[in-house]
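Just so you know, all these numbers are worked out from the coordinates, no wet-lab data involved. As the structure is a computational prediction, the values presented were derived from the model and not from experiment. No Cβ is skipped: glycine too gets one built from the backbone with ideal geometry, and neighbour counts run over all protein chains shown.
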Amino acid sequence: MEPRVDLHVHTHMSDGTFSPAEVVDYAHKLGLSVIAITDHDCIDGVGPARARAKLYDIEVIPGVELTVEMDNIEVHILGYFIDNKNPAFEKKLKEMRDVRVKRTLTIIEKLKQFNIHLDADKVFKLSGPGAIGRLHVARVLYEEGHVATISDAFRKYIGNKGPCYVKKFKMTYQEAIAMLMDNGGVPVLAHPHVMGSDEMIPKLVQSGLRGIEVYHTDHPVAATMKYEEIAKKYKLIITGGSDCHGLGKGEILMGRVRVPAGAVEELRSEAEKIKKGQG
Ligand code: AMP
Ligand code: FE
Ligand code: FE
Ligand code: ZN
């Protein structure tokens, strides 16, 4: 039987609501055999997820999701098969998370112009360990009745074009790709349809991008077909993932997305090449 795979899952080490163990338990319930833990700017969920996965016959791929800015557009880059015990890599991620803390306080300040006074401690408490992010702010905005839905929070206030948007750690795409590859990871473009522009794909490929997340819960069929063609054109590994955030976005999305058979092995062998310096 084809392995059931989800290559894009968040835990409470970033803006997911499940602990790493809960993620693995849920994956087992769904009958998945491979999942990748891909928290924003954090790899602390990988170890606990792997420990839990020993209970079942589930492989946990160590991953991460980084953010870069290209031509004023936010681009997310996934890294697969990273070494989750590399101190230099962890140090860099810690710096990125520290910027997120300051940024959250700035977002809370900006919300005051709309007469919204969020308790910073409440947002930090909800965020818990790991990386704090906008989804935590959105959830508190929602819980306190300032917005009707989580999407509203992004649309009205904190979305990329919203009045309270604040940028994160500044990193170029070249730096992000190099950071992942220096740590043995395979760089893959996350949910390209969500970026709203394909112009940067050739630049990413030139800098070492190896794969593209063609299958994603926010990709309509037409987008999926378009990115399949783009993947073929640039010889990129076709990956897929649900981008499950537990209950953070309302529904539990894990396992909902088709992932091509072979994606895991293609990523694994690419990672081996990168680790041997042949990548
Ligand atoms: P951050 O990394 O703090 O900039 O937050 C980005 C995260 O916010 C994304 O990974 C999503 O989890 C979430 N997000 C962004 N836009 C939306 C949206 N329109 N609705 C729900 N969640 C969103
Ligand atoms: Fe997220
Ligand atoms: Fe993302
Ligand atoms: Zn994600």
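Just for the Cα atoms in segment 75-180, what are the lengths along the principal axes, largest first, rounded to whole Å?
43, 26, 21
Starting from the alpha-carbon convex hull of the chain, give the projected area averaged over all orientations, in nm². Numbers along the way, then the final one.
Values: hull surface 55.7 nm².
So the Cα hull casts an average projection of 13.9 nm².
Relative to the compact globular guide of 2.2 N^0.38 Å, what is the alpha carbon radius of gyration of segment 18-118, as a ratio? Write down the numbers at each step before the final one.
Values: Rg = 16.8 Å, N = 101, 2.2 N^0.38 = 12.7 Å.
That ratio works out to 1.33.
Taking a threshold of 18 Å on the Cα-Cα distance, which of the pairs Lys110/Lys161; Lys102/Lys167; Lys91/Lys170; Lys54/Lys273; Lys122/Lys156 fall above it?
Numbers: Lys110/Lys161 14 Å; Lys102/Lys167 11 Å; Lys91/Lys170 15 Å; Lys54/Lys273 27 Å; Lys122/Lys156 21 Å.
Beyond 18 Å between Cα atoms: Lys54/Lys273; Lys122/Lys156.
Taking the chain as a Gaussian network, Cα atoms linked when under 10 Å apart, which of Tyr80, Tyr215, Tyr227 shows the biggest mean-square fluctuation?
Tyr227
Rounded to the nearest 500, what is the chain's calculated 222 nm mean residue ellipticity when only DSSP H runs of at least 4 contribute -39500 (n - 2.57) each, over all residues? Don't skip to the end; give the middle numbers.
Values: 11 runs with 112 residues, N = 279.
Taking each H run of at least 4 residues, the total per residue is -12000 deg cm²/dmol.
At 0.36 nm per residue, and after removing the present C-alpha to C-alpha distance, how many nm does the segment from Lys233 to Asn72 gain when stretched out fully?
Numbers: separation 161, 0.36 × 161 = 57.96 nm, distance 2.53 nm.
Going from the current span to full extension adds 55.4 nm.
Which is the longest stretch in the chain that no exposed loop site breaks, taking sites as GluC sites (Glu not before Pro) with a DSSP loop state and at most 16 other Cβ atoms within 10 Å? Provide the component values of the computation, followed by the final result.
Working: sites that count: Glu144, Glu199, Glu251.
Between exposed loop sites, the widest span is 1-143.
Need one number: the % of Cα-Cα pairs in segment 103-232 sitting beyond the 18 Å mark. Kindly include the intermediate steps, with their values, before the conclusion.
On the way: 5312 of 8385 pairs.
Pairs farther apart than 18 Å: 63 percent.
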